[in-house]
Amino acid sequence: MKLVMIGGGGFRTPLVHSALLRDREPGRVTEVALVDVDADRLRTMARILADQAEGVPDAPTVSVHTDVEDALPGADFVFSAIRVAGMEGRATDERIGQSHGVIGQETVGFGGISYALRTLPTVMELARTVKRLAPDAWVINFTNPAGVVTEAMSTVLGERVIGICDSPIGLARRALGTLGVQHGPDVELEYAGLNHLGWLTAVRVDGVDRLPEVLADAGRIESFEEGKLFGAEWIQALGALPNEYLHYYSYRRDVLQADQYAPHTRARYLVEQQDRFWAVAGACEHPYRAWQDSRNEREASYMATNRDSAGMGERDVEDMTSGGYEDVALALMRGIAYDQRARLILNVRNRGALAGLDDDAVVEIPCIVDAAGAHPIPGARVPDFGLGTVTAVKYVERQTIQAALHGDRAAALRALAHHPLVDSVRVARALLEDARSSFPHLSYLS
Ligand code: G6P
Ligand code: MN
């Protein structure tokens, strides 16, 4: 089985590779093709993966490519995890946001829209190339903002593109951890919304919903990341567990204030942290170890500004253990490749599962995966208090797609001005101007 990783020179490639190395099933991935625009990173990544595979029998072969057309033929699965304009682009979005007093985070508000506007033309081209050269392949999209990117790609690939994110399963694992329960086949999660904008509403263990037990105990709530971020009182008032990215909505003013005084935005910090990593990894004998160290450092500082604004201390080690990203990817591939039924929270076309959104809207909900793909489980429900935000943000995503696919500048303005985190049309106009003059990628918005 052949896996093509677009953006394969990216930092999270070894995570996916670790899941492949753990997989001992017959019919597992035997061939990995890394594709990246950066040949140096590809070279270093190939060395990291070789170091990581040291001593593992039957590790998949790894090839590197700067031309996607060389890599795609024969692909069974295509992972896409790219960052158009790189980490510097992410930093620019944050700076523009900051200068107008709005959030510039890579997936939320202005930052998410700007990032999508420069990413969509590239991923649409990729979708068409996959359709031409590997029409039977399944595309697993990691590229952020994952919901809107998946929806745009689905206009070419239909249900053959599936978006994934580790935050819903991470939240569920942490909540289960407070009960001493591990996530497994006996656990059924109810989660609904859009990517980075959803709520965990039930956690059934052997058929019994244990979420009320978590919610009843403030100490339990505040023992893990999301509980600390939002506070037990607010979570108890909601009666559901919010995705961590909702912190930007619920505590907007506080995050913006903390952001003003933060020595670095997230991306600015990562530009330096990652530059150090690539320099070390390129030169050292055991680059996989260097990767592990760098990853731990990156995870420990995740959402630092939000945590500062909530008065939280250091990030708990248990909150850092992911087991999300790579495991979701592997479970999804296995489900499809070996018809191994699995229940996963994925970004897929709605097809009637969530009331109030049309069939083609990509939503993040529990799905059953089998050889025919990912099937949304009907009956997922966004809590009443979230319906307005979900509807508004889906409208924003649609306008963003309209802008990118048709060079429609008015649609870009509608997207920005209607986002719940942009509070004035004047600001929306200024944001669009700044994004256009900072990114040549947006020249299509004439
Ligand atoms: C989580 C989100 C991803 C996002 C990542 C950012 O895992 O689910 O969508 O890419 O955080 O982490 P970073 O270290 O880049 O801030
Ligand atoms: Mn995510």
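Read the figures in this text as sums done on the coordinates, not as results from a lab. Keep in mind it's a predicted model, so treat the numbers as computed, not measured. Neighbour counts run over all protein chains shown; Cβ positions are idealised from the backbone, glycine included.
See the values below:
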{"item": "Full-extension gain in nm, Asp275 to Leu405, via 0.36 nm per residue minus C-alpha separation", "result": "43.5 nm"}
{"item": "Length gained when the stretch Leu387-Gln182 is fully extended (0.36 nm per residue, less Cα-Cα span)", "result": "70.8 nm"}
{"item": "Label-point separation in nm, Ala218 to Ile377, each point 7 Å along Cα→Cβ", "result": "3.3"}
{"item": "Helix-derived mean residue ellipticity, 222 nm - over the chain, DSSP H n ≥ 4, -39500 (n - 2.57), to 500", "result": "-15500 deg cm²/dmol"}
{"item": "Where only C-alpha atoms are counted, convex hull volume of the chain per residue in Å³", "result": "134"}
{"item": "Between the stretch 25-83 and the stretch 179-217, the Cα center-to-center distance that results, in Å", "result": "35"}
{"item": "Whole-angstrom gap from the stretch 318-396 to the stretch 114-134, using each part's C-alpha centre", "result": "21"}
{"item": "Separation of the Gln340 and Glu125 label points, Cα + 7 Å toward Cβ, nm", "result": "3.6"}
{"item": "Residue-span extension gain [Thr155 to Ala355] - 0.36 nm each, minus C-alpha spacing", "result": "69.9 nm"}
{"item": "Qualifying aspartates and glutamates (Cα of each under 13 Å from Cα of Lys131; at least 8 residues distant if same chain)", "result": "Glu69, Asp76, Glu159"}
{"item": "FRET efficiency for Gln236 and Asp423, using Cβ-Cβ distance with R0 set to 45 Å, rounded to 0.05", "result": "0.95"}
{"item": "Beta bridges by DSSP in the chain, antiparallel share as percent, to the nearest 5", "result": "55"}
{"item": "All-pairs alpha carbon distance profile, the stretch 291-446, 5 Å steps from 0, percent", "result": "2, 8, 11, 12, 11, 15, 19, 15, 6, 1, 0"}
{"item": "Selected from Gly86, Gly373, Gly177 as most flexible by GNM, with the chain as the system and alpha-carbon contacts under 10 Å", "result": "Gly86"}
{"item": "The stretch 2-164 - Kirkwood radius from inverse mean 1/r over Cα pairs (Å)", "result": "16.5"}
{"item": "Charge context of Arg268, other residues only, Cβ under 14 angstrom, K/R +1, D/E -1", "result": "-2"}
{"item": "Karplus-derived HN-Hα couplings along the stretch 367-373 (A = 6.51, B = -1.76, C = 1.60, θ = phi - 60°), whole Hz, x at Gly and Pro", "result": "10, 9, 10, 8, 4, 8, x"}
{"item": "Other-chain or far-sequence residues with amide H under 5 Å of Gly373's (modelled H)", "result": "none"}
{"item": "Average Cα contact separation per residue, the chain, under 8 Å, 6 or more apart, as relative contact order %", "result": "17"}
